[in-house]
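Taking it in order: structure first as structure tokens, then the write-up.
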Amino acid sequence: MTPQSAPPTTPPPAPAAPAAGDGGKPPEDRRHRNRRRLLTLIVIVLLVGVPAGYLAIAAEQSRDSGRKSEAEAAATGLQPIRPAGFRKRIYDVPIPAGASKVRYYETNNWRSSRLYAQFDVTSGRLDTFLNQMGTDRSALRPGAVTISERDQKIAKWDFSVPDHLWAGLVLKQKDPLPTVDVIVDLSDPATPRVYVVSTAKP
């Protein structure tokens, strides 16, 4: 018998062609590339979004500060607010932290700038205030009205009211330090009331 010929062998299937657009890279490379794109996107969002948020907060704070400054500039006469720290330093008026009923007013022109301030303190804090100004209670002259009539009118103070124990001093300092006029109402020894006019010249 004639031997049967072997069936033809089928060649193995060719490997599948890589999907279009993947560059022929294996799946691991594609995942790595996607992670890098995601990280890049996150960094871009942070670089753009975080500064924008800070700018928005700063703008709102600036608007609030501007509104407060405009209100202070438009005010006439003593206002029931505490002057900022830089004003106290410029005018050499160290209002104690524990002072109550603090009021102040500021005027400016080309010749001079003035800070008008009024506050209540305890007897001990009055000594602290005077010491921080470089003087003490012994410098207060009983009955001395050291604040001018002009400044009294601006601040709406009246030191002619009877039955009050007024005492005053004038602290003169070398330029550019201001001159500070002080009157203290000692009618209530436990809670003196302090009136100050500090004049600074450019």
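The values are calculated or read from the model by the stated rules, or taken from the named source; none is laboratory data. Being a predicted model, the structure only gives us computed values, none of them experimental. So basically every Cβ, Gly included, is an ideal-geometry build from the backbone, and we count neighbours across all protein chains shown.
Structure above, values below:
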quantity: Residues that are surrounded by fewer than 20 Cβ atoms within 10 Å (Cβ to Cβ) and within 15 Å of Ala155 (Cβ to Cβ), drawn from the stretch 82-104; calculated: Lys101, Val102, Arg103
quantity: Within the stretch 121-142, considering residues that are in a loop (DSSP other than H, G, I, E, B) and touching a Gly at 6+ places or on another chain (Cβ under 8 Å), the one farthest from Gln79 (Cα to Cα); calculated: Leu140
quantity: Among residues of the stretch 153-174, those that are surrounded by 12 or more Cβ atoms within 10 Å (Cβ to Cβ), small (Gly, Ala, Ser) and over 15 Å from Glu106 (Cα atoms), counted; calculated: 2
quantity: Filter result for Val170 (of a type in the set (Val, Ile, Thr) and at pLDDT 95 or above); calculated: yes
quantity: Residue identified as buried (at least 16 other Cβ atoms within 10 Å of the Cβ) and basic (Lys, Arg) among Arg193, Arg150; calculated: Arg193
quantity: Flag for Ala155 being at negative phi and either among the aromatic types (Phe, Trp, Tyr) or in contact (Cβ under 8 Å) with a residue 12 or more places away in the chain (or both); calculated: yes
quantity: Counted residues, the stretch 175-185 - those being surrounded by fewer than 18 Cβ atoms within 10 Å (Cβ to Cβ) and hydrophobic (A, V, I, L, M, F, W, C); calculated: 1
quantity: Number of the condition not met by Leu115 [criteria: (1) surrounded by fewer than 20 Cβ atoms within 10 Å (Cβ to Cβ); (2) closer than 19 Å to Pro176 by Cβ]; calculated: (1)
